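Just so it is clear, none of the values below were taken in a lab; they were calculated from the coordinates. All of these numbers come straight from a predicted model, not from anything done at the bench.
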Ligand SMILES: [Fe+2]
């Protein structure tokens with residue numbers, strides 16, 4: 001925004017020095033700072049180095065004319081107002097210039113009072129345009145900020161729901177948070193981008209939200225599941241993705257959808273396999289299985305970390321992506337996973 005004590009810079013373009021001088025004197029007396037140019041090259045040089053608010057552009061100049069220069073100015077300096085200066089006999093040309101984005105035109109010989117008014121009008125219009133754009137930007141930023149806040153609150157609420165769901169049963173308490181942390185350690189080892197890490201974090205925290213729709217008696221059954229029961233439990237991946245899809249990006253929903261997919265395609269009702277499974281889901285599969293193995297479950301006690309790691313190694317290339325397993329093992333070796 002222009003400060004009250006900041007003088008606006010005008011660029012007077014005419015090949016006749018006498019005309020430039022008269023215009024500069026008049027406009028300087030009115031408080032504007034004036035620069036001068038006699039041809040297109042000087043105009044472009046001045047625009048590139050000074051914040052010109054308005055150009056008074058002579059249509060007829062030796063070399064590149066004002067008409068040819070106008071589109072260039074409007075395209076490279078859209079915030080600079082342009083008033084065309086033309087001979088009375090060239091009114092049609094001036095109107096053509098208005099169509100090409102000029103803010104006004106003045107006829108030569110100049111009436112200096114008209115000149116002042118035209119400059120004032122064009123600058124006021126420019127201020128309004130700049131203010132409007134600034135306000136639009138402010139509104140867009142506000143909307144984006146509030147959308148982000150609402151999204152964060154909603155995701156936080158779902159996360160709280162998952163924690164509450166897990167806390168109800170001692171076997172799964174804290175599972176999603178631990179899975180998210182393990183997955184992030186692996187993601188970090190694999191050099192994931194900040195965006196991929198953020199998706200993975202949410203994928204980990206929300207991956208089992210679909211269990212809200214699963215029969216608790218089946219989930220906590222202290223014996224081997226029947227095929228039907230297993231199938232019922234496995235629907236939680238799809239249900240979870242559908243629950244979060246309205247508020248998360250599609251990548252997070254896909255991570256949740258496929259977090260039980262086997263790398264070799266042998267999982268239940270699997271539609272994607274190998275590297276077609278989203279990388280985040282392949283990482284979660286390892287993190288999820290590892291945390292499940294080292295936790296007590298209704299049907300078996302917790303495995304030792306060594307045995308769980310051996311099991312992950314054994315399933316590399318079948319259930320799990322070998323690249324992810326290698327990254328996981330590197331983290332496990334440095335004890336990052338355990339801590
Ligand atoms: Fe799961």
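Extension gain, residue 218-residue 171: 0.36 nm per intervening residue step, less the Cα-Cα distance, totals 15.5 nm. Distance distribution note for the chain: the fraction of Cα pairs above 26 angstrom is 62%.
Can you tell me what share of the DSSP beta bridges in the chain is antiparallel? A percent to the nearest 5 is fine. Bridges in the chain that DSSP calls antiparallel: roughly 5 percent. Panel note: the C-alpha atoms of region 251-314, placed on their principal axes, show extents of 32, 22, 19 Å (largest first). For region 222-281 versus region 100-171, the spacing of their alpha-carbon centroids is 40 Å.
Annotation: extensible slack from residue 41 through residue 297 equals 84.3 nm (criterion: 0.36 nm per residue apart, minus Cα-Cα distance). Estimated at 0.36 nm per residue, the fully extended path between residue 239 and residue 225 surpasses their Cα-Cα distance by 3.1 nm. Against the chain, whose longest principal axis is taken from its Cα atoms, helix 175-189 shows a tilt of about 60°.
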